[in-house]
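The values are calculated or read from the model by the stated rules, or taken from the named source; none is laboratory data. Source: prediction; values computed, not measured. Glycine also receives a Cβ, built like all others from the backbone with ideal geometry; neighbour counts cover every protein chain displayed.
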Amino acid sequence: MSSVNAKLVKVARRIATEGISKTRKNSQQGYNFRGVDEVMNAFAPILAEEGLYLRPKFSDRNVVERTSKNGGVIFYVALQGEFTFSDESGESVTVGPFYGEAMDSADKATNKAMAVAFKYAMFQTFCVPLEGVTGGDADAVTHEIQPISKASPLDGVWDSLDAEQQQFIEAQAAKVRQAFEDGGAEVAAQLIYRDLNLDNDEIMALWTRLPSNIRNQSKKFKDQITKEAA
């Protein structure tokens, strides 16, 4: 009886000759790819003919919830897979680890990640002839996600104020917005850093009530205004 290694060599020879066609297409980005269905369809009869059984094992699953470009929820899954080939004698050969990553807006992210790990395990174990490999079934759809937001120093500043403080800051913000509209960023900066006589905490609170363009442009004049006021 042939060893498992000898049978795996026969599988590699068959797949090197027959190959696997790229019959699937990513409709969003227009490229063709080989999905897990094509891989299974190609390998299943060859493995069965050689009397080989494939046993997958997945571990180290990690799930992260992300936000899509349109504001929906996307689940990102990464996991590790090992694949054991055995025959009727009980002899076995394990390959791996191989890694799978995938995203899905419902409950299929883990399935897709396992499929990717399996597909690349087969590709690399048997040196499948490839051209322009682009991924797995997860490539059937391209997900666009929002970048992970970094914590802002302004987070929680407004909520930390009492009602009287909030009313005061709202009034100062209205003055700054009007100054910016009438005279531009330098005039607004003069008001913020000189005329209103605000302390640092009050300026931080003021930022929460101003558009980013006023904040950013006014800050450019901060050193100049504070030097003149000294």
Sole exception among (1) at pLDDT 95 or above; (2) closer than 13 Å to residue 117 by Cα; (3) hydroxyl-bearing (Ser, Thr, Tyr) for residue 94, by number
(2)
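Does residue 37 count as in contact with a helix residue (DSSP H, G or I) (Cβ under 6 Å, 6 or more places away or on another chain) and in the same structural domain as residue 113 (by TED's automatic domain parsing)? Break it down stepwise before answering.
Numbers: in contact with a helix residue (DSSP H, G or I) (Cβ under 6 Å, 6 or more places away or on another chain): no; in the same structural domain as residue 113 (by TED's automatic domain parsing): yes.
Answer is no for this residue.
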Out of 164, 181, report the one residue that is more than 21 Å from residue 214 (Cβ to Cβ), of a type outside the set (Phe, Trp, Tyr), assigned to a helix (DSSP H, G or I) and modelled with pLDDT of 80 or more.
164
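With respect to residue 34, is the statement that it is more than 24 Å from residue 81 (Cβ to Cβ) and either surrounded by 17 or more Cβ atoms within 10 Å (Cβ to Cβ) or modelled with pLDDT of 85 or more (or both) true? Give the derivation first.
Values: more than 24 Å from residue 81 (Cβ to Cβ): no; either surrounded by 17 or more Cβ atoms within 10 Å (Cβ to Cβ) or modelled with pLDDT of 85 or more (or both): yes.
So residue 34 does not fit the description; no.
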Considering the stretch 47-104, residues that are basic (Lys, Arg) and in a strand (DSSP E or B), and then whichever is farthest from residue 13 (Cα to Cα), we arrive at 66
Any idea how many residues of the stretch 212-230 are touching a helix residue (DSSP H, G or I) at 6+ places or on another chain (Cβ under 8 Å) and outside any helix (DSSP H, G or I)?
2
Restricting attention to the stretch 112-135, report how many residues are at pLDDT 90 or above, over 16 Å from residue 43 (Cβ atoms) and either aliphatic (A, V, I, L, M) or over 17 Å from the mean Cα position of the chain (by Cα) (or both).
1
Tell me whether the stretch 94-112 contains one or more residues that are surrounded by 20 or more Cβ atoms within 10 Å (Cβ to Cβ) and either touching a Leu at 6+ places or on another chain (Cβ under 7 Å) or without any contact (Cβ under 8 Å) to a residue 24 or more places away in the chain (or both).
yes
